[in-house]
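The values are calculated or read from the model by the stated rules, or taken from the named source; none is laboratory data. None of these values were measured; they are calculated from a predicted model. Cβ atoms come from the backbone with ideal geometry, glycine included; neighbour counts cover every protein chain shown. SASA here: full protein model, heavy atoms, side chains in, ligands and nucleic acids out. Shrake-Rupley method; radii C 1.70, N 1.55, O 1.52, S 1.80 Å.
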Amino acid sequence: MSSQIDAAGAYAGRSLIILNPQSGHDDPARTRRRLGGAFAAREAPFDLITTEYAGHARELAKQAGLLGYR
């Protein structure tokens, strides 16, 4: 995700789902499908990002706020 994108751009009004594959007991692929299906059923715009390392979710959340995600 680029921090150079304008905050008033295409992300305004979208939800960002941050998935940590190391947490929980469900298979990450199953969790992605269930979350995607729930948002799609409500016609809610979203993006889903999977964390890659410790502290990554915090970085993603900070960037998401700056970009205008809900």
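Skipping prolines and chain starts, which residues have an amide H placed within reach, meaning under 5 Å, of the one on Leu48, given they are 5 or more residues away or on another chain?
Placed amide hydrogens put Ile17 under 5 Å from Leu48.
Given a 1.4 Å probe and every protein chain left where it sits, what share in percent of the accessible area of the chain is carbon and sulfur?
Values: 2490 of 4960 Å².
Taking all protein chains in place, the chain shows 50 percent carbon and sulfur surface.
Once label points are set 7 Å from the Cα along Cα→Cβ at both Glu52 and Arg32, what is their separation, rounded to one decimal in nm?
Here the modelled spin labels are 1.4 nm apart.
Want the number for Arg70 to Ser23: 0.36 nm per residue separation, take away the alpha-carbon distance, what's left? Walk me through the numbers on the way to the answer.
Values: separation 47, 0.36 × 47 = 16.92 nm, distance 2.24 nm.
Contour length minus the Cα-Cα distance gives 14.7 nm.
To the nearest 0.05, how large is the calculated FRET efficiency for Ala41 and Arg14 if R₀ is 25 Å and r is the Cβ-Cβ distance?
Details: r = 16 Å, r/R0 = 0.65.
So the FRET efficiency works out to roughly 0.95.
So what is the accessible area of the chain per residue, in Å², with the probe set to 1.4 Å? Provide the component values of the computation, followed by the final result.
On the way: 4960 Å² over 70 residues.
Value for the chain: 71 Å² per residue.
Please list, in chain and number order, the residues 5+ apart from Arg14 or on another chain whose amide H is under 5 Å from its amide H, with Hs placed from the backbone.
Residues meeting the amide H criterion: Arg70.
Could you run the Karplus curve 6.51 cos²θ - 1.76 cosθ + 1.60 with θ = phi - 60° over segment 40-46 and give me ³J(HN,Hα) per residue in whole Hz, x for Gly and Pro?
Calculated HN-Hα couplings, in order: 5, 4, 9, 6, 9, x, 8 Hz.
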